[in-house]
Amino acid sequence: MIRYFTGGESHGKGLIAIIEGLPADLFIDPNVINSYLSKRQTGYGRGKRMSIEKDQVDILSGVRGGYTIGSPVTLYVENKDWQNWKDIMDTRHSVPKRVVTMPRPGHADLAGGIKYNHHDLRNVLERSSARETAVRTAVGAIAKLLLMNLSIELYNYVVSIGNVIINPDVLPSITLGNNYLKKLNKIAASDEYMMNMPDTVASKRAVRLIEDSKKKGNTLGGAFEIRATNVPVGLGSYSQWDRKLDGRLAGALMSIQAIKGVEIGDGVANSGRYGSEVHDEIFFSAKKGFYRKTNRAGGIEGGVTNGEEVIIRAYMKPISTLYTPLHSVDVLSKAPVHATVERSDICAVPAASVVGEAVTAIELTNAIMEKFGGDTIMELKRNYNSYISYITKY
């Protein structure tokens with residue numbers, strides 16, 4: 001199993017992650033990790049901080065000569081903005097500066113303050129901030145490198161921003177695995193706003209909507225999809241509730257700040273259909289083995305992957321920091337106030353799609369290591385290939 005922990009505050013010195021359980025001899029290219037960190041910072045509607053932070057990973061342990069050595073891998077991502085906050089975030093002195101007492105509706109500020117008895121809500125917002133996802137993205141990039149050794153690929157795209165939704169007619173063309181990867185990369189390269197929407201008309205409309213929201217001091221949410229191709233049958237389990245892979249994936253995605261809903265496959269639409277319209281019929285041929293002509297289940301049945309493409313959609317609420325703040329109450333005086341305003345984004349859905357892919361990769365890697373084990377990449381691949389051979393003969 002892969003375990004990882006993160007640490008660090010939004011305006012502290014930096015963010016760290018410690019990953020335990022990676023097999024030895026996995027090649028780790030920092031440039032690949034940094035490319036994912038860079039993607040996480042893109043998308044029209046991001047805040048001014050993105051012009052300060054140029055996230056780069058520093059690998060502190062567990063890698064030698066470019067390859068994992070079997071011991072815990074430690075990652076560090078520096079917060080360059082800490083230079084502007086070091087007096088406020090100093091770990092050595094308890095001198096409160098810039099005390100925050102006006103909680104934001106929709107954020108962890110008030111609930112976290114009550115839970116930990118903090119009357120300076122900066123102690124809450126610093127850790128609950130989505131800045132933490134930078135180092136989780138780095139962990140996910142390493143998970144993706146492991147999955148690529150088994151020819152498992154992941155990709156993501158934005159489905160909607162606010163009330164702007166991509167044309168559903170583009171969706172059939174994005175079930176082509178690696179072919180779609182090429183299409184998506186081409187679209188991303190041609191889109192100066194980097195909205196990660198496979199529909200250039202919708203992308204332009206989303207930019208206009210973000211501009212309008214910015215003028216009004218408002219924020220926007222949306223939805224994104226994660227797809228994983230070449231995932232084998234049998235990851236996860238139906239035998240215990242906490243081993244069901246769809247539950248684990250949903251939990252991982254819900255752990256991303258501002259994600260309020262997750263569906264697997266056509267989960268939401270299927271709830272209003274007849275069973276005959278929902279379930280993916282099973283066929284067999286000597287060439288393909290068992291296969292489906294549809295994939296409404298999103299590649300998971302009974303908590304177990306069924307060999308089809310894994311499809312997950314996550315829904316992100318609008319960000320809680322509004323530049324036209326909502327009504328709140330001061331936690332010290334109990335007087336009615338307007339919520340505090342922290343520097344923030346107008347829309348972060350394209351960035352969240354990158355984080356979503358990262359946490360999906362981590363959970364799939366967990367399921368892979370749980371089923372196939374192996375202290376080295378060679379051993380893992382040997383176990384995996386043996387299982388694939390068994391599947392073709394079942």
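Coordinate-derived values only; no laboratory data. Please read all numbers here as calculations on a predicted model, not as lab measurements. Every residue, glycine as well, gets a Cβ built from its backbone with ideal geometry; the counts of neighbours run over all protein chains shown.
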- Task: Pick out which of 316, 378, 102 has the largest mean-square fluctuation in a Gaussian network model of the chain, springs linking Cα atoms closer than 10 Å.
- Result: 378
- Item | Residue range of the chain that is longest and free of trypsin sites (Lys or Arg not before Pro) which are both DSSP loop and sparsely packed (at most 13 other C-beta within 10 Å) | 99-215
- List, in order, the whole-Hz ³J(HN,Hα) value for each residue of the range 81-93 obtained from phi through the Karplus relation with A = 6.51, B = -1.76, C = 1.60 and θ = phi - 60°; use x for Gly and Pro. 5, 4, 4, 8, 10, 5, 5, 7, 9, 4, 7, 9, 10
- Note on the structure: Cβ-Cβ cut-off under 12 Å around residue 83, Lys and Arg +1, Asp and Glu -1: the net charge is -1
- Selected from 19, 102, 262, residue furthest toward positive end of dipole (the range 3-393; charges at beta carbon): 102
- Work out the charge dipole of the chain with +1 on the Cβ of Lys and Arg and -1 on the Cβ of Asp and Glu about the Cα centre, then indicate which of 117, 282, 348 is farthest towards its positive end. 348
- Using the Cβ atoms and a cut-off under 15 Å, what net charge is assigned to the surroundings of residue 218, where Lys and Arg are +1 and Asp and Glu are -1? +3
- Show that you can apply the helix-only estimate: for the chain, add -39,500 (n - 2.57) for every DSSP H stretch of four or more residues, divide by all residues, and state [θ] at 222 nm to the nearest 500. -10000 deg cm²/dmol
- Query: Where is the GNM fluctuation largest for the chain (alpha-carbon springs, 10 angstrom cutoff): 294, 91, 133?
  - Reply: 91
- Task: Collect residues whose amide H, placed 1.01 Å from N in the peptide plane, falls under 5 Å from the amide H of residue 265; neighbours closer than 5 in sequence don't count.
- Result: 311, 312, 313
- Report the residue, chosen from 265, 275, 307, that carries the largest GNM mean-square fluctuation when the chain is represented by alpha-carbon nodes joined by springs under 10 Å. 275
- the chain: relative contact order from alpha carbon pairs under 8 Å, six or more residues apart, as a whole percent, is 23
- Item | Between 0 and 90°, nearest 10: helix 377-393 axis offset from the chain longest Cα axis | 50
- With +1 on each Lys and Arg Cβ and -1 on each Asp and Glu Cβ, how big is the dipole of the range 37-87 about its Cα centre, in debye rounded to the nearest 20? 220
- Item | Debye, to nearest 20: dipole size of the chain, +1 on Lys, Arg Cβ, -1 on Asp, Glu Cβ | 480
